[in-house]
1. Post the alpha-carbon centroid distance, segment 367-407 to segment 436-458, in whole angstrom.
2. Say the dipole of segment 372-506 comes from +1 at the beta carbon of Lys and Arg and -1 at that of Asp and Glu; which of GLN444, LEU386, VAL430 then lies farthest toward its positive end?
3. For segment 317-353 and segment 1-55, what is the centre-to-centre distance using only Cα atoms, to the nearest Å?
4. If each DSSP helix of 4+ residues adds -39,500 (n - 2.57) and the sum is divided by the residues in the chain, what number results at 222 nm, nearest 500 deg cm²/dmol?
5. Name the shape class, rounded, prolate or oblate, that the alpha-carbon gyration tensor gives for segment 534-595, where a ≥ b ≥ c are the square roots of its eigenvalues, rounded holds for a/c under 1.5, and otherwise prolate holds if a/b is larger than b/c and oblate otherwise.
6. What ranking do THR581, THR76 get, fewest neighbouring Cβ atoms within 10 angstrom at the top?
7. State to the nearest 20 debye the size of the charge dipole of segment 456-539 about its Cα centre, where the only charges are +1 on K and R beta carbons and -1 on D and E beta carbons.
8. Under 5 Å between amide hydrogens, which residues at least 5 positions from SER494 or on another chain qualify, with H placed 1.01 Å from N in the peptide plane?
Amino acid sequence: MGDLATVALALAACAGAWAARPVPLLPALLLAALALALRRPVVLMAAVALAASGLGARAWDGLRPPALGSWSGVATLVGDPAEVMGALRADVRIGGKRVEAWARGSTARTLRDRLSGERVQLRGQLQPVPEAARQRLARRHVAARLTVTGASLASHGSIPSRLANGLRRTLLRGADVLAPPHRGLFAGFVLGDDRDQRPEVTDDFRASGLSHLLVVSGQNVAFVLALLGPFLGRLRLGGRLAGGLAALVLFGVLTRWEPSVLRAVAMAGLTLLTAAMGRPASSLRILALAVTGLVLVDPLLVHSLGFLLSVGACAGIALFSARISARLPGPRPVASALGVTLAAQVGVLPVLVPVFGGLPVVALPANLLGAPVAGPLMMWGMAAGLVAGWAGDTVAGLLHLPTDLMIRWVAGVAHRGAEAPLGQLRAVHVAGLAVALAVGVVCQRRGRRVGVVVAGMMATAVALAPAVAVLRPSAVAGRSVVAGARLWRDGGASVLVVDDLRASPEALLSALHMADVRRLDVLVVIRPGVAAATDVAALVRRFPPRLLLGPTGHRLPGEVVVPPAGAEVVAGGLVLRFQETSPRLAVEVAPARGPPELAAGRQPIRDASAASVRLQLAEIWVIDDGHQLEQQRALLGSGADGRRS
């Protein structure tokens, strides 16, 4: 089979797994054997599609929960526990079924430091997976939920788990000399562990198109094999293959067999195998064979976003990077790096645009600046991190000086990229770029240089068009950006009302970026208490609002105004009317009908700063641009300081 036929085989496997029909496996296996004997690629594709469909149906059937109700026993952690919205979540294996366990309080503290592969004694209540979360949890093979009421350590798990967890703890112990934000990023770059990353840092990497750097991928696997190369090179061919495969398995256990790790390890293993057999294959062929095998083993991978993005990026690089680099002017190293980055972005577009609604325009320059540093950072962090973990703080501090500098650079690129007002490439922009590319290719083949220049100008105009949506955003009337947060935008002002947030801080920040929000003029938090303040803490740090409004009894950080009943806030083309302020705010947001009038007896209060201007009255707050403030000053005159909580 040629490379294209192998790609078609992988597509057939993915299509069958997606369909997931209860096809009998025996006829599919017999058909596959017949196709191999007769060398009929098309028949083999049909057989693989049927087999994947049958296996997919069995995988869905396997998500039936175990016996529900009270449960007590020993469970194996299949993922590292992570804090989610004030609770601790961990995937465990109970009786061959994967269960999502949730713990709070002292039970959560018992499980917090445990790692994947360890065995724990649990007791609690087994419950079915909510129907609304079934599709999402199916990607992790979760069949039920367990509310944990008691936990203790039973054992440290198998030998591979103990070895991998020992290496993991050593790496993280050596990174204790780094500042907390950088320590969390170190775990992401080296291990793909995002548990200790602050939400606003995660948002920086997502908004700049650099989130893939915090996920273990083929680059990480290649660096691991490169580190072991001098040792493996001393072995004979068979020992070299066995040692390489063993290293890949240990690396998979160390990085928790995430979907992107599965793809990278499978491709690396196939590459080692074909090299040992003296039959090297192209990267496209290796990718297609890896995808086919992985989907047959785990058909639910076709529903994993991480797996699809990993495969898409790898396919884009294999198909387009060499062609793009060959056509780019300039020094070859720069053209090669740009070609790989462009090819990877092309590969993930079919996934990112339908799922997230767009691709950050800043992703291309951000990757050119950040990705070349992320590779050495991972390699140095892995090698020096082990020594740092064994040697103590003084040596660790010296060893991690380069690590800290590289983390600062990549984090700075991500932060500046997230702040850049360049917007998102949406479906219409992708279509425009495709048209410009087609025109450019046709003109180049016909030797029409003017046409190539025009096509390049078209592509540049389309790529910069999303910036207009950021600089001149359209009006929004109560759009639900995530569950529990609604956005209004009119007259140049953005107002966000948060009430019982049901999404993670990372999801909220990402949704605001997708809505082309770069600042918040007014943030209204409806509910009092610590939980409501925790929900918006990352939001306040990422988008500091010009005016933060909360109810009586709030626990919000910073300068907060508690509006009295009957108060109004005018922001740009919006007016907020407050009917109640205790125990929670009751607010109505509507279009403003013009500048507010000063009622008899009200005394205006001005509070001006270099970044923004606020004008507070006894019962009316006005936020507007500087030139409109001058009009308000002429109307209201001078005033005294106001009271804020």
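Where a number appears in this text, it was derived from the coordinates with a stated rule and is not lab data. Small disclaimer: the values here were computed from a predicted structure and weren't measured. FYI the Cβ positions are ideal-geometry reconstructions off the backbone, even for glycines, and counts take in every protein chain you see.
1. Taking the Cα centre of segment 436-458 as reference, the centre of segment 367-407 is 45 Å away.
2. Looking along the dipole axis, the top candidate is GLN444.
3. If we compute the Cα centre of each part, the gap is 32 Å.
4. Numbers: 23 runs with 345 residues, N = 645.
Taken over the chain, the calculation gives -17500 deg cm²/dmol.
5. Numbers: a/c = 2.45, a/b = 1.32, b/c = 1.86.
In terms of gyration-tensor shape, oblate.
6. Numbers: THR581 22, THR76 19.
In order of increasing Cβ crowding within 10 Å: THR76, THR581.
7. Values: 8 positive and 7 negative charges, 30 e Å.
Magnitude of the dipole: close to 140 debye.
8. Amide H neighbours of SER494, under 5 Å, 5+ apart: ASP521, VAL522.
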